[in-house]
Amino acid sequence: MRQEKDFFIVDKKVLPEIFIKVMEVKKLLESRKEKTVQDAVNRVGISRSAFYKYRDSVFPLYENTIGKTVTIAIVTEDTPGLLSAILNDIAFAGANVLTINQSVPVNSIANVTITIETNNMNDSLGVLMDRLEAHDKVRDLRIIARE
């Protein structure tokens, strides 16, 4: 009998340290900074058994987004040129903008929803999200859909 899986999106700040370390080991192996699981777990400071126990259960939100459609919701201050800067960041990352929806600003706050295609991205979605979040006038940024 096939067991159903439930998935949750959890802020990294509240995860037990072991999950963060398992992700560090996975990154070390994927980037080839470490050649063996033993070397990677030694570097991070966890046991091989802990890594093998959790490796198939812990994934970053942005994993496997290449070739996908992602919708991002952004809450911004109403500042001239901010949407242009956000779109430039998206273009710089190599994503293709499919739709842009912006509300009329209320109390100097605008809601923007942007759907992008990630086929030709030269950065990861995580890097793009960090870049967008770094804008001074971006108040909130979330992925609201992913196909």
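The values are calculated or read from the model by the stated rules, or taken from the named source; none is laboratory data. Just so you know, these numbers come straight off a predicted model, no measurement behind them. Positions of Cβ are backbone-derived with ideal geometry, glycine not excepted, and every protein chain shown enters the neighbour counts. SASA here: full protein model, heavy atoms, side chains in, ligands and nucleic acids out. Shrake-Rupley method; radii C 1.70, N 1.55, O 1.52, S 1.80 Å.
Observations, loosely collected:
- On the beta carbon distance between ALA73 and GLU30, with R0 = 22 Å, the FRET formula returns roughly 0.15.
- Per-residue ³J(HN,Hα) for the range 69-79, Karplus 6.51 cos²θ - 1.76 cosθ + 1.60, θ = phi - 60°, Hz, x for Gly and Pro: 9, 10, 10, 10, 9, 10, 9, 10, 6, 6, 10
- Computed over neighbours whose Cβ is under 15 Å from that of GLU77, the net charge equals -2, Lys and Arg +1, Asp and Glu -1.
- Å² of accessible area per residue within the chain, as computed with a 1.4 Å probe and no ligands counted: 68 Å²
- Once backbone amide H atoms are built at 1.01 Å from N, ILE109 has ASP78 as its partners under 5 Å, excluding neighbours fewer than 5 places away on the same chain.
- With an a/c value of 1.5 or above and a/b not larger than b/c for the gyration tensor axes a ≥ b ≥ c computed over the alpha-carbon atoms, the range 108-147 is described as oblate.
- Helix 82-92 and the longest principal axis of the C-alpha atoms of the chain enclose an angle of approximately 40°.
- Spin-label model, LEU15 to PHE59: label points 7 Å out along the Cα-to-beta-carbon direction sit 1.3 nm apart.
- Taking 23 Å as the limit for the C-alpha separation, the pairs LYS13/LYS33; LYS27/LYS53; LYS33/LYS68; LYS21/LYS53 exceed it in the case of LYS13/LYS33; LYS33/LYS68.
- Ratio Rg/Rh, restricted to the chain and using Cα atoms, in which Rh is the Kirkwood radius: 1.05
- Largest mean-square fluctuation among GLU24, GLU77, GLU133, in a Gaussian network model of the chain whose springs join Cα atoms under 10 Å apart, belongs to GLU24.
- Dipole of the chain computed with +1 at Lys/Arg Cβ and -1 at Asp/Glu Cβ about the Cα centre; of VAL44, ASN111, LEU83, farthest Cα towards the positive end is VAL44.
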